[in-house]
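Reviewing the structure listed below.
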Amino acid sequence: MMIIRPVEYNDLADILALAAKSGAGLTSLPSNESVLAARIDRAVRTWQGNVPRAEQGYLFVLEDSQRHKVVGVSAIEVAVGLSDPWYNFRVGTLVHASRELNVYNAVPTLFLSNDHTGHSELCTLFLDPDYRHGKNGQLLMKSRLMFMAAFRQFFGTRVIAEMRGYCDEQGYSPFWANLGQRFFSIDFVRADYLSGTGNKSFIAELMPKHPLYVDFLAEEARDTIGKVHPQTEPAKAILEAEGLRYQGYIDIFDGGPTLEAEIDHLRSVRESRRVAVHITAAAKPCDDPAATWCLLTNDNYLGFRATITQCVIGQHVLSLGNDIAEELGVLEGQSVRGVELYATGSGRSAVKPLAEQGGHLYAALS
């Protein structure tokens, strides 16, 4: 069974193995043992309540419970930019006009911004290639939204997700090559690694503070502004189905879009509800014709668990097999939080096939 749970110290080896597979573009999962160990420690201390708000971050793992192996990671940063500046580009417009010459030009620009300071962030999403099938990607992504729904008091009003921008298999980013590299004089992979390991001072030191004219960039760079990596399209579709939208902000390294929304407006937050558990002895698939795929979580802050199963979320009671109840850590009469996995209506048919064709999910960056 596939289960989401909080990270533990002994997960380091598995997470380091995942980081080695992630490639360029996932800035918050560098293949660096000391950095990852520190990230795990910060997450554990966040759950323990021993970290100031500016440094709080939750790290979840997807575990194959039969193999006792971590096969995916995802995370939430509670409030970005409160200790280190949070940079991105705001895509804007400057107008140059002359009535005398009858000239009016609206020029697209990029302006270095800290506008998302204090927002929560969905980040560090990576799924082992061997597990990119079925509903593993959905579980890895959406369980974080259910955690925010259950423990709403720990988060602000808005959430963002920086999507992985375009780069090729060799790590070449047209956006970086035509913009960032001009100012930093290092390649994309190196800049990406430095940012991921917390060395961000060079951004403020070297990036210009005045607006940059998009028309001065090469066409290959202009074409990637707000464009996601092909493997990130399914993740983008899932987040958009939850209510996140592109609002004109992009990553300063690869030009990938930032999606954002009010947390209380997210579908899984808005539609999820708590119901009491009735445990059945037999562990078998639900044969109720009204059953749908649902995301279920417990309400245990320190022992948070999430999984996906077919069931019927009633108004007051949810029947669960003993195996699922045991994995969620719930007893008869205790409550779970549940939501249908897919949005109903027109969004369902658009998102479900895309999200499950290969399950290529590399979502947010940080």
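Any read-out appearing in this document is the output of simple, stated calculations on the displayed coordinates, not a laboratory observation. In this text, all values refer to a predicted model and were calculated from it rather than measured experimentally. Backbone-built Cβ (ideal geometry, glycine too); neighbour counts: all protein chains shown.
With contacts defined as alpha carbon pairs under 8 Å and 6 or more residues apart, what's the relative contact order of the chain in percent?
21 percent
With a sphere of radius 12 Å drawn around the Cβ of R39, what net charge do the other residues whose Cβ falls strictly inside it have (Lys, Arg +1; Asp, Glu -1)?
Value of the local net charge: -3.
Using DSSP to call loops (not H, G, I, E or B), can you name the GluC sites (Glu not before Pro) in segment 70-176 whose Cβ has at most 15 other Cβ atoms within 10 angstrom?
Working: sites: E77, E100, E121, E162, E169; in loops: E100, E169.
Sparse-neighbourhood loop GluC sites (Glu not before Pro): E100, E169.
Roughly how far apart, in whole Å, are the Cα centres of segment 52-127 and segment 239-264?
So the two Cα centres are separated by 7 Å.
Based solely on C-alpha atoms, express the radius of gyration and the Dmax of the chain in angstrom.
21.5, 84
So which DSSP H runs in the chain come out at 18 Å plus along the axis (Cα) with average Kyte-Doolittle of at least -1.0? Show your work: numbers first, answer last.
Working: long enough: 33-48 (22 Å, -0.27); 136-150 (21 Å, 0.46).
Taking the DSSP H segments of the chain (at least 18 Å long, mean hydropathy at least -1.0), we get 33-48, 136-150.
Kindly give Rg over Rh for segment 72-159, based on alpha-carbon atoms, with the Kirkwood expression for the hydrodynamic radius.
Across segment 72-159, the Cα-based Rg/Rh ratio is 1.23.
Percent relative contact order of segment 268-343, based on C-alpha pairs within less than 8 angstrom and at least six residues apart?
Taking the mean separation of contacting Cα pairs over the length of segment 268-343, I get 48 percent.
Dipole magnitude of segment 268-343 about its Cα centre, charges +1 at Lys/Arg Cβ and -1 at Asp/Glu Cβ only, in debye to the nearest 20?
240 debye
Would you mind telling me the antiparallel percentage of the DSSP bridges in segment 268-343, rounded to 5?
Given both bridge residues lie in segment 268-343, the antiparallel proportion sits at roughly 75 percent.
Please rank M1, M146, fewest neighbouring Cβ atoms within 10 Å first, as an exposure proxy.
Ordered by Cβ neighbours within 10 Å, fewest first: M1, M146.
List the longest stretch of the chain that has no exposed loop site; here a site is one of the chymotrypsin sites (Phe, Trp or Tyr not before Pro) assigned by DSSP to anything other than H, G, I, E or B, with at most 16 other Cβ within 10 Å.
By the stated rule (loop sites, at most 16 other Cβ atoms within 10 Å), 1-150.
Which of these, Q247, Q170, Q138, has the largest mean-square fluctuation under a Gaussian network model of the chain (Cα springs below 10 Å)?
Of the options given, Q170 has the highest mean-square fluctuation.
Based on the alpha-carbon gyration tensor of segment 113-178 and its eigenvalue square roots a ≥ b ≥ c, which shape applies: rounded if a/c is under 1.5, prolate if not and a/b is larger than b/c, or oblate? Intermediate values should be presented prior to the final figure.
Details: a/c = 4.40, a/b = 1.22, b/c = 3.61.
Judged from the Cα gyration tensor, segment 113-178 comes out oblate (a/c at least 1.5, b/c at or above a/b).
Per residue of the chain, what 222 nm ellipticity follows from adding -39500 (n - 2.57) for every DSSP H run with n ≥ 4, rounded to the nearest 500?
Working: 11 runs with 98 residues, N = 366.
Calculated at 222 nm, the ellipticity per residue is -7500 deg cm²/dmol.
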